[in-house]
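Below is one structure, written out as structure tokens; the observations come after it.
No lab work stands behind these numbers, since they all come straight from the coordinates. Keep in mind that what you see is a predicted model, and the values were worked out from it rather than measured. Cβ coordinates were reconstructed from backbone atoms using ideal geometry, including for glycine residues, and neighbour counts include every protein chain displayed.
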Amino acid sequence: QVQLAESGGGLVQAGGSLRLSCASSGRTFSYYVMGWFRQAPGKEREFVGGINKSGGSPYYADSVKGRFTISRDNAKNTVSLQMNSLKPEDTAVYYCAAGDSLNYRPTSYNFWGQGTQVTVSS
């Protein structure tokens, strides 16, 4: 069992940056690939990016590529999402998730955090 908790959301102006963190309880964090998703009001949950168990091979949705960076620290049981050059369309609740298969499908992830709100003003 993995429990996840996101932090670091908030209100930022367009062009600004935020860093989200996701902390995991338990000793099995390194067993899972980690993904970041987001969900805006009235929209489906959307894959943002993911990273494999060892911290390599991060990959990103086209909408955030070049602006967002995912990293993980297995010693600290954390995964982070650095978001730069934020746009109003990045406004959403952001979730971290743990799963067995690194891909864009939410159904591939077994454990989810409660989410953190990111609001980008224009």
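Key figures for this structure:
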| item | result |
| --- | --- |
| Separation of the S122 and Q13 label points, Cα + 7 Å toward Cβ, nm | 1.6 nm |
| Label-point gap, in nm, between A40 and A61 - each point 7 angstrom along Cα→Cβ | 0.9 nm |
| Inter-part distance where segment 50-122 and segment 8-28 are each reduced to a Cα centre, Å | 9 Å |
| Whichever lysines have a C-alpha closer than 19 Å to that of K76, once near sequence neighbours (fewer than 8 apart) are set aside | K53 |
| Histogram of C-alpha separations across the chain, 5 Å bin width, % | 2, 13, 24, 27, 20, 10, 4, 1, 0 |
| Backbone N under 20 Å from the T69 label point (7 Å along Cα→Cβ), restricted to segment 17-58 | 17-23, 34-37, 48-58 |
| Rel. contact order, % - alpha carbon contacts under 8 angstrom, at least six apart, the chain | 35 percent |
